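What follows is a set of notes on a single structure, which appears directly below.
The values are calculated or read from the model by the stated rules, or taken from the named source; none is laboratory data. Keep in mind that what you see is a predicted model, and the values were worked out from it rather than measured. Because the Cβ atoms are built from the backbone with ideal geometry, glycine has one as well, and the counts that use them run over all protein chains shown. Note: accessible area is taken over every heavy atom of the protein model, side chains too, but ligands, DNA and RNA are not part of it. Shrake-Rupley method; radii C 1.70, N 1.55, O 1.52, S 1.80 Å.
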Protein chains: 2
Amino acid sequence: MKLTEAKQQFISSWGAFGTHWGINRTMAQVHALLMTSSQPLSQDDIMEQLEVSRGNVNMNIRDLISWGLVDRVLIPGERKEFFTAEKDIWKVATQIIKERKKRELDPMLKLLAQLEHIDGDKKDPEVKQFVETVSGIRKFGKQADQMLDMMVKADESWFLGGLLKIFK
Amino acid sequence: MKLTEAKQQFISSWGAFGTHWGINRTMAQVHALLMTSSQPLSQDDIMEQLEVSRGNVNMNIRDLISWGLVDRVLIPGERKEFFTAEKDIWKVATQIIKERKKRELDPMLKLLAQLEHIDGDKKDPEVKQFVETVSGIRKFGKQADQMLDMMVKADESWFLGGLLKIFK
DNA sequence: ATAAACTTTCAATATTTTTTGAAAGTTCAG
DNA sequence: CTGAACTTTCAAAAAATATTGAAAGTTTAT
């Protein structure tokens with residue numbers, strides 16, 4: 001398989017994959033393009049390669065930067081801005097975990113904590129089921145939260161190395 | 001806070017949460033409703049409580065069943081079908097992990113394996129970067145795959161209990 | 001100060017996804 | 001067998017989301 005073809009496929013699949021995880025197609029594709037590019041690219045490069053509009057590229061690059069996955073790069077002698085993506089997949093993963101935790105998990109846990117305090121008969125099966133479900137989710141979420149915190153702090157090696165040992 | 005109000009909030013937030021993770025609002029809400037309900041509910045109950053159409057409820061219930069998160073229940077003496085959701089959050093999580101792994105991670109890993117074989121100069125920086133990125137993602141994915149497999153096989157207790165010890 | 005080069009914004013448009021509801025299909029009691 | 005009760009399907013409509021592109025804004029070289 002030729003590089004060009006493989007790259008196309010990768011970009012297109014990464015885009016499709018992203019949409020299953022609440023990430024818009026173009027953002028995922030821009031990310032894929034930058035991750036597989038050895039050199040920084042300009043907005044125009046990206047527009048051309050992905051065949052999308054200037055505004056679209058601009059917006060999605062902004063978002064990727066806010067996720068900490070892409071950086072602006074200045075190239076001496078060039079007027080334009082260029083962009084690179086973090087290429088270490090472990091760093092990419094921990095960055096995404098950090099952000100999603102902050103943006104989604106933490107607020108949800110905060111809400112669940114509030115919802116556990118229900119007025120009314122603790123013996124009413126409906127009240128009981130609600131409180132049990134919510135507190136179950138919250139406990140699970142807290143545990144996941146801690147685990148993710150540790151992953152983010154931990155070193156890549158225990159994950160990419162012999163993770164298996166842990167569970168013996 | 002009253003039960004009714006809390007339940008509304010939970011359902012609505014669970015729906016919003018779901019959309020950030022590629023799950024449609026109604027499916028997440030049906031799931032939330034069933035998880036917090038002590039009794040099985042019929043299609044009509046769900047339609048009424050969430051104010052959505054019959055077809056919509058039907059489709060999303062089907063999906064939830066295919067995800068293994070909801071079961072049909074027969075109630076003696078009733079003609080209608082009723083539905084319940086698995087309420088053990090650990091089982092819910094492992095079920096979701098199992099399905100997403102099968103539906104998304106496994107196919108992606110299969111694709112990445114193919115994309116690593118590029119014709120062309122291994123010294124070309126573009127080829128090199130592409131192969132490195134793809135193989136990095138694949139290694140990471142394989143490791144994640146194994147870790148998730150273990151989680152699914154493992155017992156709830158090491159997670160919901162003192163998970164922390166593992167990392168000392 | 002000017003203008004070319006470049007970036008950002010955002011209302012309009014297009015696309016994708018979800019929802020509806022009525023018709024067709026199924027099941028079952030009598 | 002018949003029809004009432006219930007479920008499923010799916011084309012059309014609505015809603016949500018993403019994209020465009022041109023105008024406005026900014027920066028920089030001269």
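Answer yes or no as to whether B:K98 is more than 14 Å from DNA strand C (Cβ to nearest atom) and outside the structural domain of B:M150 (by TED's automatic domain parsing).
Against the criterion (more than 14 Å from DNA strand C (Cβ to nearest atom) and outside the structural domain of B:M150 (by TED's automatic domain parsing)), B:K98 does not qualify.
If you scan segment B:58-90, which residues turn out to be free of Cβ contacts under 8 Å to residues at least 12 places away in the same chain and of a type in the set (S, T, N, Q)?
Passing the criteria: only B:S66.
When you scan segment B:1-55, how many residues do you find that are without any contact (Cβ under 8 Å) to a residue 24 or more places away in the chain and either in contact with a Gly (Cβ under 8 Å, 6 or more places away or on another chain) or basic (K, R) (or both)?
11
Failed condition for A:F130, given (1) hydrophobic (A, V, I, L, M, F, W, C); (2) outside any loop (DSSP other than H, G, I, E, B); (3) exposed (fewer than 14 other Cβ atoms within 10 Å of the Cβ), with all others met?
(3)
Counting just the residues of segment A:16-38 that are over 13 Å from the mean Cα position of the chain (by Cα) and at the interface with another protein chain (Cβ under 8 Å from one of its Cβ atoms), which one comes out farthest from DNA strand D (Cβ to nearest atom)?
A:S38
State yes or no: is A:G120 out of contact with any Cys (no Cβ under 6 Å at 6 or more places or on another chain), in a loop (DSSP other than H, G, I, E, B) and more than 12 Å from chain B (Cβ to nearest Cβ)?
Against the criterion (out of contact with any Cys (no Cβ under 6 Å at 6 or more places or on another chain), in a loop (DSSP other than H, G, I, E, B) and more than 12 Å from chain B (Cβ to nearest Cβ)), A:G120 does not qualify.
Of all residues being among the aliphatic types (A, V, I, L, M) and surrounded by 16 or more Cβ atoms within 10 Å (Cβ to Cβ) in segment B:67-92, which is nearest to DNA strand D (Cβ to nearest atom)? Just the residue, please.
Among residues in segment B:67-92 that are among the aliphatic types (A, V, I, L, M) and surrounded by 16 or more Cβ atoms within 10 Å (Cβ to Cβ), the one nearest to DNA strand D (Cβ to nearest atom) is B:V70.
What is the one condition in (1) aliphatic (A, V, I, L, M); (2) open to solvent by less than 40 Å² (accessible area, probe 1.4 Å); (3) at the interface with chain A (Cβ under 9 Å from one of its Cβ atoms) that B:L160 does not satisfy?
Of (1) aliphatic (A, V, I, L, M); (2) open to solvent by less than 40 Å² (accessible area, probe 1.4 Å); (3) at the interface with chain A (Cβ under 9 Å from one of its Cβ atoms), only one is false for B:L160: (2).
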